[in-house]
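The values are calculated or read from the model by the stated rules, or taken from the named source; none is laboratory data. All values derive from a computational prediction rather than experimental measurement. Heads up, the Cβs are rebuilt from the backbone with ideal geometry, glycines too, and the neighbour counts pull from every protein chain shown. All accessible areas refer to the heavy atoms of the entire protein, side chains included, with ligands and DNA or RNA removed. Shrake-Rupley method; radii C 1.70, N 1.55, O 1.52, S 1.80 Å.
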Amino acid sequence: MSASAPRQSDRPRRAVILSGGGARGAYEAGVLRFILDDLPQRHGIDPNFDIVCGTSVGAIHAAFIAATAEQKSGRGPQLVKIWEDLHVGEIFKFSHRDLLAMPRMLCGVRKVAHLLREGRRPDRLFGLLDTGPLEQLVLQAIPWDGIRKNLNAGRVDSVCIAATQLATGRAVIFTEEKERSHFPQAPDDQIRMQAARLAPVHALASAAIPLLFPSVRVGSRYYADGGLRLNTPLAPALRLGADRVLVIGLSHGATPSVSEALAQQRTAGFGNPMFLLGKVLNALMLSPVDADLARLRFVNDILSHGEIAFGPDFLERINEAGGVRGARPLRRIDHMVIRPSQDVGLMAGDLLADADNKLELNAFLKMFLRRSDDEESREADLLSYLLFDTAFTTPLVELGYADAMAREDELLRFFSNDEASSPVFES
């Protein structure tokens, strides 16, 4: 993989990459709780990230990490409490009356189109769900002024929030740094780094799941969920000079053979449109992380094999040749991946199938339910993005915490300043 920013010290330049996935983000909160609070308490280390990148719900977490970087303790529990206090009926207000009024809402699209033709730009474009309560939560849960303060103090170097620009389909990375960098842009580059003073509007734009959540205007342009183009924003972190990255994914890493077996059993479930839509959303927003990591490993392998075949100066020589042609310099990237040890869609389905659950779903979310005794059809992938409720998020937080604890030794190597202690390449 390549990067353009120079190393500023002999120690590794660390980045955390936070994925998108709606309510699945509670898993990230559990992982972060262990990293930000338990790891320093148990080992006396400072789990510092130089670069923080996030998409969708990961963008909200990225802003939280950067805005609270001065706190030495309590950040993890503070973040977890947000997730454990959620109730889906309060986050998404949608009654049977709203359901009956949906055709009228659809007709309202014409009014918006008329405004746009006149040159007027509403702050939000059409979405099926009223996300006002969720937006208030984002505003109140993060001390947004803290991002700039911590950047100025050198506690964080760069903060990135990925969103998808609707007009071009391009991934735009809103980036705030202590000192503004120049981001060279190739004409065919589908990722645009854009300097910004980060604010709630950027995180809300990054988390705007198309059709379900309203698209958000930033300046004169509209943006939707960053996960559509860049759900795991590795590339921005590498361009900013990261050479050690921690990726927190939100999909269960099943082996190919298991995935194929499940695929055959799931086919019958595709007769339900909501079941199928959940699988499509997974393909769009969760699977690309595996492709990104495969490319990263591929380049690492080329560099390692090149040094064996052509000598220890192989990397220096190819970067010198590439520099003549204006290419970004290559570097070896150490990386670590933490992802759910259980299938999150199945966790949501099991919760819905539990007669004793305390969920109070509104009329809109009830449309996604599918009753069946078939094991695979109990997967509720689509609802797993929307179940912003403590009944679902608390078990996810606990799973994230347990998965991070199980990787404690690797995390210690990740935060070590010893180049020889780089983490094992695992996902």
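Taking a point 7 Å from the Cα of Asp356 along the Cα-to-Cβ direction, the residues of segment 391-405 with backbone N closer than 16 Å to it are 391-392, 395.
When Asp157, Asp356, Asp225 are compared by accessible area at a 1.4 angstrom probe, the order from most to least is Asp356, Asp157, Asp225.
3J(HN,Hα) along segment 326-343: x, 7, 5, x, 8, 8, 7, 10, 6, 8, 9, 10, 10, 9, x, 7, 10, 6 Hz, from the Karplus curve 6.51 cos²θ - 1.76 cosθ + 1.60 with θ = phi - 60°, whole Hz, x for Gly and Pro.
Between the amide H of Gly249 and those of Ile338, Arg339, distances stay under 5 Å, these residues lying 5 or more places away or on another chain, with hydrogens modeled in the peptide plane. Annotation: amide H-H contacts under 5 Å for Leu86 (H modelled 1.01 Å from N, sequence separation of 5 or more, or interchain): Thr390. Full extension of the chain between Glu177 and Phe298 gives 40.6 nm of extra length, using 0.36 nm per residue less the Cα-Cα distance.
Counting only protein chain heavy atoms and rolling a 1.4 Å probe, the accessible areas of Met347, Met405 rank, largest first, as Met405, Met347.
Taking all protein chains together and rolling a 1.4 Å probe, Asp130 ends up with roughly 80 Å² accessible.
Rolling a 1.4 angstrom probe over the protein heavy atoms with all chains in place gives segment 18-79 an accessible area of 24 Å² per residue.
Computed from the C-beta positions of Asp46 and Arg170, the FRET efficiency with R₀ = 41 Å rounds to 0.70. Accessible surface comparison of Tyr401, Tyr27, Tyr222, probe 1.4 Å, protein chains only, largest first: the order is Tyr401, Tyr222, Tyr27. Solvent exposure of Ser304, expressed as accessible area, is near 40 Å², computed with a probe of 1.4 Å over the protein chains only. For His252, the solvent-accessible surface with a 1.4 Å probe is about 70 Å², rounded to the nearest 10.
Annotation: amide H of Gln194 within the under-5 Å range of Ile173, Phe174, Thr175, sequence separation 5 or more or interchain, hydrogens built in the peptide plane. Applied to segment 18-24, the Karplus parametrisation 6.51 cos²θ - 1.76 cosθ + 1.60 on θ = phi - 60° returns per-residue 3J(HN,Hα) values of 10, 7, x, x, x, 5, 4 Hz, with x for Gly and Pro.
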